[in-house]
Amino acid sequence: MVHERVMEKLAILADAAKYDVSCSSSNSTRKNKNKGLGDASGNGICHAYTEDGRCVSLLKILLTNHCIFDCAYCVSRKSNDIKRAAFTVQEVVDLTIGFYRRNYIEGLFLSSGIFDNPDYTMERLVRIVKKLRLEENFNGYIHLKAIPGASAELLREAGLYADRLSVNVEMPTEKSLKLLAPDKNHIDVIKPMEFLKEEIVGYNEEKKKNYKTPLFAPAGQSTQMVIGATQENDLEILGMSNYFYEKMNMRRVYYSGYVPISYDNRLPVIGTPVPMIRENRLYQADWLLRFYGFNVNEIVGFDQPNLDLDIDPKLGWALRNLDKFPVDVNTADLELILRIPGIGVSGAHKIVAARKFKRLQPEDLQKLGIAYSRSKYFLAFASPFQLQRDLTSIQIKDHILNTQNSKYKNDFSNQLSLF
Ligand code: SF4
């Protein structure tokens with residue numbers, strides 16, 4: 001009976017947690033019906049990628065979906081008529097250890113609605129991580145939500161036991177937060193981020209002097225923005241991300257396309273498609289900020305505040321800046337090679353390493369695994385590539401769109417339907 005109740009809670013609280021994308025979920029629906037091996041639909045299990053590229057499975061749940069707030073974009077808002085549940089501290093500990101022992105998971109992603117007040121909720125989250133670390137000797141990955149408005153002492157304790165902490169900003173601007181979550185305050189979200197940044201920097205500095213200094217949120221902090229629920233353009237969204245990366249030392253900003261879940265005239269109507277392509281383009285732009293040396297104003301600007309949906313932002317930049325091309329991969333700086341469409345970070349490094357031994361030709365790039373069909377329009381070898389001299393940016397874009405194999409291709413076909 002107890003087991004059944006816990007499983008019922010697990011179904012409710014794992015389902016409620018799926019809207020938080022700050023750890024990515026595999027979202028598989030395949031079930032084990034014939035006593036075969038494995039079950040991809042295991043409640044609450046999702047997959048996330050570590051810094052070194054490993055894929056780890058996490059138990060992803062809420063402590064509770066009760067909440068004192070009424071954020072219009074959230075399925076757990078207090079005015080929503082849904083089944084509610086709350087785990088006890090011990091139930092979360094037992095589930096985590098039970099799943100871990102069965103080899104279902106390697107870690108825990110724990111978020112929560114806010115019952116009673118932020119400290120009351122945060123204190124329970126902290127008790128769970130402390131029990132896991134100190135009593136169960138659990139060394140797996142733990143991603144914990146930092147509840148806006150919780151006290152500094154509780155946030156500090158959380159950082160001493162969790163690997164990553166995240167405070168979700170949810171709305172890209174203060175104006176949107178006021179519109180959709182009027183009882184919340186933007187500064188309450190920003191303050192804990194600032195606090196965590198200071199603590200992470202402080203503990204890291206201290207550790208350099210004294211190796212016995214404990215770890216503090218060694219995987220850093222992250223946040224999530226819901227996109228498409230309100231009117232912000234990509235310039236505002238990426239500007240906010242840039243602020244988080246520069247001022248809060250944020251490790252990741254996650255973008256969550258709004259899933260229409262309520263009849264509310266402040267929000268897109270139910271049935272409005274989730275902006276998946278926009279979400280994907282924002283992630284690509286985010287990578288340009290973090291790994292390719294772009295600044296926000298090169299990707300979007302007041303004259304073009306939204307990302308192109310039909311091409312990726314790096315190609316968009318290259319087409320707007322054809323005067324910077326062609327680039328001679330045999331002599332150009334790494335920074336410029338990184339800006340060539342079709343060449344990623346590892347490809348750029350391979351080119352720089354390989355050209356020490358020989359003068360590179362197109363076939364060498366193909367051997368290095370470079371997406372040559374895309375990059376060829378922007379490259380020079382002994383002489384500028386033929387196509388580049390003659391083609392306009394519109395023609396290059398058409399060539400690429402007509403040859404690329406994108407899952408979004410059909411969404412942007414120029415061909416009109418007959419019916
Ligand atoms: S505070 Fe968090 S859980 Fe509560 S309604 Fe707002 S977004 Fe949802």
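The values are calculated or read from the model by the stated rules, or taken from the named source; none is laboratory data. This structure is a prediction, so every number in the text was calculated from the model and none was measured. A quick note on method: Cβ atoms are made from the backbone with ideal geometry, for glycine too, and the neighbour counts reach across all protein chains shown. Protein only, heavy atoms only, side chains kept; ligands, DNA and RNA dropped before computing areas. Shrake-Rupley method; radii C 1.70, N 1.55, O 1.52, S 1.80 Å.
Observations on the model:
- Among the residues making up segment 345-381, those that are in a loop (DSSP other than H, G, I, E, B) and open to solvent by less than 30 Å² (accessible area, probe 1.4 Å) are LEU360, ILE370, PHE381.
- Against the criterion of being part of a helix (DSSP H, G or I), within 16 Å of the ligand (Cβ to nearest atom) and either open to solvent by 30 Å² or more (accessible area, probe 1.4 Å) or of a type outside the set (A, V, I, L, M, F, W, C) (or both), TYR100 does not qualify.
- Checked against (1) aliphatic (A, V, I, L, M); (2) under 21 Å from the mean Cα position of the chain (by Cα); (3) surrounded by fewer than 21 Cβ atoms within 10 Å (Cβ to Cβ), LEU288 meets all criteria but (3).
- Given (1) within 18 Å of the chain's Cα centre (by Cα); (2) of a type in the set (Phe, Trp, Tyr); (3) within 9 Å of the ligand (Cβ to nearest atom), number of the condition PHE69 does not satisfy: (1)
- Hey, LYS212 of a type outside the set (Asp, Glu), surrounded by fewer than 19 Cβ atoms within 10 Å (Cβ to Cβ) and in a helix (DSSP H, G or I) or not: no
- Considering residues of segment 233-281 that are among the β-branched types (Val, Ile, Thr), under 26 Å from ILE187 (Cα atoms) and in contact (Cβ under 8 Å) with a residue 60 or more places away in the chain only, the residue most open to solvent (accessible area, probe 1.4 Å): VAL259
- Residue match in segment 115-135 (condition: in a loop (DSSP other than H, G, I, E, B) and more than 14 Å from the ligand (Cβ to nearest atom)): no
Residue-by-condition table, conditions (1) within 16 Å of the ligand (Cβ to nearest atom); (2) modelled with pLDDT under 95; (3) touching a Cys at 6+ places or on another chain (Cβ under 7 Å); (4) assigned to a loop (DSSP other than H, G, I, E, B):
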site	(1), (2), (3), (4)
HIS3	no, yes, no, no
ALA11	no, yes, no, no
CYS23	no, yes, yes, yes
ASN32	no, yes, no, yes
GLY36	no, yes, no, yes
LEU59	no, yes, no, no
GLN90	no, no, no, no
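- Taken over segment 70-88, the criterion of being closer than 22 Å to GLU123 by Cβ and either of a type in the set (Val, Ile, Thr) or assigned to a helix (DSSP H, G or I) (or both) is satisfied by THR88 alone.
- Residue ID - surrounded by the most Cβ atoms within 10 Å (Cβ to Cβ), chosen from residues in segment 72-88 that are aliphatic (A, V, I, L, M) and near the ligand (Cβ under 9 Å from one of its atoms): ALA72
- The set of residues in segment 325-344 that are open to solvent by less than 50 Å² (accessible area, probe 1.4 Å) and part of a loop (DSSP other than H, G, I, E, B) comprises PHE325, PRO326, VAL329, ASN330, ALA332, LEU338, ARG339, ILE340, PRO341, GLY342, ILE343, GLY344.
- Selection count, segment 140-192, where residues are in a loop (DSSP other than H, G, I, E, B), open to solvent by less than 10 Å² (accessible area, probe 1.4 Å) and under 15 Å from VAL226 (Cβ atoms): 5
- Residues (small (Gly, Ala, Ser) and either within 14 Å of the ligand (Cβ to nearest atom) or on the phi > 0 side of the Ramachandran plot (or both)) located in segment 150-180: ALA150, SER166, SER176
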